[in-house]
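Chemist: Could you have a look at this structure, given as structure tokens, before my questions?
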Amino acid sequence: MGTSQEDGRSSAWRVTVRARGRKSGLPPDGPSRAAGRPLARRRDLRIHGTAGKISCIDDSGRTRWTALCSGIPNAAHVSGGRVLVTTDSLAYTAWGNLGPAVLLDLADGSRIAELRGARGAALGGGRFVLGLEGYDAFDTWAYDRDGTLYDSWRSYGHYVIGTGIRVVETDRNIPTSSRVVRLLPGGTVERGPSLSDPQAPEPLVLTDGTILVLDAGVLRAVGRRLEDTVLAELLAIDPGEAWRYHGALHRAGDDITATITEQHPDRPGTYGYRNWTLTLHQGG
């Protein structure tokens, strides 16, 4: 069930499957960040990144500042005069391709702090969450505008910021313990519905705050209160084989494209994929 932004009561979402297909090989790349498109923007300022460099450019094309970094910027989040930039490393490390996360002053690009994390999200007032998964880490940390840690949670995944912090967890374990959860002050994790996919793809967020999650072949809607409903059962996937499947969701207006890529069980490097085009409807 979805949740109304105005009164918090549940409102139904449903989908209609309009088309489906199946092909061999890997799917074509979905919508991606075009060359020259900023990592983030705030009013007339745009944050760009290239290997070893982060730049702030205004709408007139003037470069306000450039900051050096030791990685390849992959995402930026802006809040309250601060910008948090996550990076990939320039060389393979013990943490794979994880590079440093840097907290910068949006006014002049000066470095506030260097942190560690793979995914981030902006909160209000120059605050951010930053998370990391791998080895013994399955954590999210909250930092203030000075880069000071003020809260932490044992959870990690795709962050959805709105009335609170929700996480579509991705623990990459089989069997998985992932859920959709809410992070509460003091390190408390409010547990929502269990997931079957250990690495669910990035969810879609609807205007009323409902999250659409592609969970091991099942499209689910999770509301603000963490109530959930199944919208469509697209593909039956054995939870023990979930590692062979990778999903993706894309939206254009009321149309959603769900793609599931499958690795052949006996021939590594051999793939096939299926896709579905669905139309989203609100109300019964």
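Chemist: What residue, of Leu103, Leu39, Leu84, is closer than 30 Å to Thr261 by Cα, surrounded by 15 or more Cβ atoms within 10 Å (Cβ to Cβ) and out of contact with any helix residue (DSSP H, G or I) (no Cβ under 6 Å at 6 or more places or on another chain)?
Modeler: On the way: Leu103 fails: closer than 30 Å to Thr261 by Cα; Leu84 fails: closer than 30 Å to Thr261 by Cα.
From the options Leu103, Leu39, Leu84, the qualifying one is Leu39.
Chemist: Can you find, within segment 59-81, the residue that is most open to solvent (accessible area, probe 1.4 Å) among those that are out of contact with any Leu (no Cβ under 8 Å at 6 or more places or on another chain) and among the hydroxyl-bearing types (Ser, Thr, Tyr)?
Modeler: Once the filter is applied, the top-ranked residue is Ser60.
Chemist: Collect the residues in segment 211-221 that are out of contact with any Ser or Thr (no Cβ under 7 Å at 6 or more places or on another chain) and either among the acidic types (Asp, Glu) or under 17 Å from Ile161 (Cα atoms) (or both), keeping them in residue-number order.
Modeler: Result: Ile211, Leu212, Val213.
Residue-by-condition table, conditions (1) touching a His at 6+ places or on another chain (Cβ under 9 Å); (2) in contact (Cβ under 8 Å) with a residue 40 or more places away in the chain:
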{"site": "Gly21", "(1), (2)": "no, yes"}
{"site": "Ser24", "(1), (2)": "no, yes"}
{"site": "Gly49", "(1), (2)": "no, no"}
{"site": "Arg62", "(1), (2)": "no, no"}
{"site": "Ala75", "(1), (2)": "no, yes"}
{"site": "Val85", "(1), (2)": "yes, yes"}
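Chemist: Working only within segment 251-276, note down all residues that are open to solvent by 40 Å² or more (accessible area, probe 1.4 Å), under 21 Å from Thr16 (Cα atoms) and assigned to a strand (DSSP E or B).
Modeler: Those that are open to solvent by 40 Å² or more (accessible area, probe 1.4 Å), under 21 Å from Thr16 (Cα atoms) and assigned to a strand (DSSP E or B): Arg251, Ala252, Asp255, Thr257, Arg274, Asn275.
Chemist: Look at Ala242 and say whether it is over 27 Å from Asp151 (Cβ atoms), modelled with pLDDT of 95 or more and within 21 Å of the chain's Cα centre (by Cα). Walk me through it before giving the result.
Modeler: Working: over 27 Å from Asp151 (Cβ atoms): yes; modelled with pLDDT of 95 or more: no; within 21 Å of the chain's Cα centre (by Cα): yes.
The answer is no for Ala242.
Quick grid of which residues meet (1) within 19 Å of Arg42 (Cα to Cα); (2) touching a Phe, Trp or Tyr at 6+ places or on another chain (Cβ under 6 Å); (3) open to solvent by 10 Å² or more (accessible area, probe 1.4 Å):
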position: Leu90; (1), (2), (3): no, no, yes
position: Asp108; (1), (2), (3): yes, yes, yes
position: Glu114; (1), (2), (3): no, no, yes
position: Gly120; (1), (2), (3): yes, yes, yes
position: Leu123; (1), (2), (3): yes, no, yes
position: Gly126; (1), (2), (3): yes, no, no
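Chemist: Related question: Output the residue which, of all residues in segment 222-246 that are in a strand (DSSP E or B) and within 26 Å of Gly164 (Cα to Cα), is most open to solvent (accessible area, probe 1.4 Å).
Modeler: The first filter runs over segment 222-246 and keeps only residues in a strand (DSSP E or B), leaving 222, 228-233, 245-246.
Next, only the ones that are within 26 Å of Gly164 (Cα to Cα) stay: 222, 228-231.
On the way: Val222: 2, Asp228: 58, Thr229: 43, Val230: 78, Leu231: 28 Å².
Ranking the candidates gives Val230 first.
Chemist: Among the listed residues Pro175, Pro193, which satisfies the condition of being of a type outside the set (A, V, I, L, M, F, W, C), out of contact with any His (no Cβ under 6 Å at 6 or more places or on another chain), open to solvent by 10 Å² or more (accessible area, probe 1.4 Å) and modelled with pLDDT of 95 or more? Show your work before the answer.
Modeler: Details: Pro175 fails: modelled with pLDDT of 95 or more.
One residue alone meets the criteria, Pro193.
Chemist: Inside segment 1-36, can you point out the residues that are at pLDDT 90 or above and more than 22 Å from the chain's Cα centre (by Cα)?
Modeler: Passing the criteria: Arg14, Val15, Thr16, Val17, Arg18, Ala19, Arg20, Gly21, Arg22, Lys23, Ser24, Gly25.
The values are calculated or read from the model by the stated rules, or taken from the named source; none is laboratory data. Please read all numbers here as calculations on a predicted model, not as lab measurements. Counting neighbours? That spans all protein chains shown, and the Cβs are built from the backbone with ideal geometry, glycine included. Quick note on the areas: whole protein, heavy atoms, side chains included, nothing else; ligands and nucleic acids left out. Shrake-Rupley method; radii C 1.70, N 1.55, O 1.52, S 1.80 Å.
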